[in-house]
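Below is one structure, written out as structure tokens; comments come after it.
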Amino acid sequence: HVTMAATKEMGNLLHDDEAMRLETTPESTEHNTTFVMHNEDHTLGNALRMMLNQNPKVTFCGYSVPHPLENKMHMHIQTTKDISAAEVMKSALRELMKMCDHVTNTFEDAENDYYQSGGTGH
């Protein structure tokens with residue numbers, strides 16, 4: 001199983017102001033883990049899957065939303081023996097947050113440039 005400290009750190013990594021937790025399924029091991037993410041869906045699942053699949057130490061990654069009426073997502077990760085699934089999950093979440101920050105900053109800079117150059121927003 002993934003250690004509780006690693007799970008807590010990953011949950012805090014996502015939302016410091018919310019009590020989001022990443023749980024693992026009972027059959028999870030250090031290198032073959034299914035994370036259960038509550039209040040998440042395909043929006044995070046697909047983006048996170050893309051980030052995880054860029055890591056050469058990830059041998060398999062996939063996600064599912066078990067049922068449309070259940071507000072949770074399962075992210076399954078298998079890794080090589082030299083890194084844990086929890087470590088690659090933390091790394092992918094950090095990289096995804098950096099990417100989102102970059103997109104936000106780029107948009108805000110372009111918006112400011114537009115209005116400073118006389119744009120009206122209509």
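Kindly evaluate Thr3 against the criterion of being open to solvent by 80 Å² or more (accessible area, probe 1.4 Å), farther than 19 Å from Met97 by Cα and either touching an Asp or Glu at 6+ places or on another chain (Cβ under 7 Å) or modelled with pLDDT under 90 (or both). It is true that Thr3 is open to solvent by 80 Å² or more (accessible area, probe 1.4 Å), farther than 19 Å from Met97 by Cα and either touching an Asp or Glu at 6+ places or on another chain (Cβ under 7 Å) or modelled with pLDDT under 90 (or both).
Inspection of segment 79-97 finds no residue satisfying the criterion of being more than 20 Å from the chain's Cα centre (by Cα) and without any contact (Cβ under 8 Å) to a residue 12 or more places away in the chain. Scan segment 45-64 for residues that are farther than 19 Å from Glu30 by Cβ and open to solvent by 40 Å² or more (accessible area, probe 1.4 Å) and the total you get is 7. Name every residue in segment 29-63 that is assigned to a loop (DSSP other than H, G, I, E, B), modelled with pLDDT of 95 or more and not β-branched (Val, Ile, Thr), in order of residue number. The answer is Glu30, His31, Gln54, Asn55, Pro56, Lys57. In the set (1) open to solvent by less than 40 Å² (accessible area, probe 1.4 Å); (2) of a type outside the set (A, V, I, L, M, F, W, C); (3) under 19 Å from Thr29 (Cα atoms); (4) part of a helix (DSSP H, G or I), Glu87 fails one condition alone, (1).
The values are calculated or read from the model by the stated rules, or taken from the named source; none is laboratory data. Not measured: the values here are computed from a predicted model. Neighbour counts run over all protein chains shown; Cβ positions are idealised from the backbone, glycine included. In case anyone asks, the SASA skips ligands and DNA or RNA and just uses the protein heavy atoms, side chains included. Shrake-Rupley method; radii C 1.70, N 1.55, O 1.52, S 1.80 Å.
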